[in-house]
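The block underneath contains the structure these notes are about, expressed in structure tokens.
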Amino acid sequence: MFQLQPNPFYSDRFLEYQFERKLYYFYVITLNILGYGCFLSYILVLIFKTKPSPEYLFLDVFSLFTRLSVFVVYKFFEIPKLVLELKDKKLSSSAMKTIEKNREEILGTFFKNIYGYAYDRNLIYKNKSELIQFVNSLERANWKKIGKIYFIFHSIITPIFFVYIFRIN
């Protein structure tokens with residue numbers, strides 16, 4: 001079973017939350033650049049090569065694969081680890097203390113990701129049991145586990161793809 005563990009590198013739980021948000025934005029920006037870069041490369045190959053090899057179609061396929069990865073990253077970071085820790089008996093008290101101190105930023109960002117910018121501001125003031133019930137209603141699959149498996153899969157496929165593509169030239 002997948003267990004949540006507090007990150008030993010952060011003494012402050014809010015700093016851990018902020019790092020998680022920065023990591024999310026880093027992954028989204030990196031994957032967008034990689035995906036659109038591959039697509040642009042594919043278009044340039046089609047325009048400027050007189051007889052492009054059919055293997056260049058893999059650029060387009062890899063571009064779509066990378067764009068799909070943004071969805072997986074979104075689902076992985078959709079529910080912050082701090083909010084998920086409310087369900088764990090050992091970590092729930094420290095997680096709730098951190099949420100209470102920074103309720104506006106943590107829950108505001110969380111509900112903006114779920115409902116968009118037009119979310120009801122009263123959702124921020126839910127208590128612990130209501131938050132746990134809300135998180136349970138959102139979870140359909142274990143996206144933390146799926147995301148880790150997908151990251152390993154993506155980390156294996158990407159170098160193989162680049163070795164294959166640069167071998168074509």
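Just so it is clear, none of the values below were taken in a lab; they were calculated from the coordinates. Everything quoted here is computed from the prediction, not taken from an experiment. Neighbour counts are summed over all protein chains in view; Cβ atoms, including those assigned to glycine, are modelled from backbone coordinates with ideal geometry.
Step through the table entries LYS49/LYS75; LYS75/LYS126; LYS51/LYS75, compare each Cα-Cα distance with 30 Å, and write down the pairs that go over it.
LYS49/LYS75; LYS51/LYS75
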Chain lengthening between ARG140 and LYS51 when straightened (0.36 nm per residue, less Cα-Cα)
27.3 nm
In a solvent-free Debye calculation with one equal scatterer on each Cα, what is log10 I(q)/I(0) for the chain at q = 0.17, 0.18, 0.19 Å⁻¹, listed in the order of the q values?
-1.04, -1.12, -1.22
If you take the square roots of the eigenvalues of the alpha-carbon gyration tensor of the stretch 73-147 and sort them as a ≥ b ≥ c, do you get rounded (a/c under 1.5), prolate (a/b over b/c) or oblate?
oblate
Taking K and R as +1 and D and E as -1, what net charge do the other residues with C-beta under 12 Å from the C-beta of TYR150 add up to?
+4
Using just the helices of the chain, give the 222 nm mean residue ellipticity in deg cm²/dmol: DSSP H runs with n ≥ 4 each add -39,500 (n - 2.57), and the total is spread over all residues, rounded to 500.
-24000 deg cm²/dmol
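Which residues make up the longest stretch of the chain that has no chymotrypsin sites (Phe, Trp or Tyr not before Pro) in a DSSP loop with at most 12 other Cβ atoms within 10 Å? Walk me through the numbers on the way to the answer.
Details: sites that count: PHE2, PHE9, TYR117.
By the stated rule (loop sites, at most 12 other Cβ atoms within 10 Å), 10-116.
If I stretch the segment between GLN18 and ASN113 completely, what's the gain in nm (0.36 nm per residue apart, minus their alpha carbon distance), one decimal?
32.7 nm
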Tally Lys/Arg at +1 and Asp/Glu at -1 over every other residue whose Cβ is under 14 Å from the Cβ of THR98; what's the total?
-1
Below 8 Å between Cα atoms, with a sequence gap of 6+, how large is the relative contact order for the chain in percent?
24 percent
Give the cross-link partners of LYS112 among the aspartates and glutamates, using a straight C-alpha distance below 19 Å as the criterion and excluding same-chain residues fewer than 8 apart.
GLU20, GLU78, GLU100, GLU104, ASP120, GLU130, GLU139
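Kyte-Doolittle cut-off 0.0, length cut-off 24 Å along the helix's own axis using Cα: show which whole DSSP H helices in the chain pass.
13-48, 57-77, 143-168
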Under 13 Å Cα-Cα from LYS97, which aspartates and glutamates qualify once same-chain neighbours fewer than 8 residues away are excluded?
ASP12, GLU85
Residue range of the chain that is longest and free of trypsin sites (Lys or Arg not before Pro) which are both DSSP loop and sparsely packed (at most 16 other C-beta within 10 Å)
1-48
Percentage of interatomic Cα-Cα distances in the stretch 28-88 larger than 12 Å
70 percent
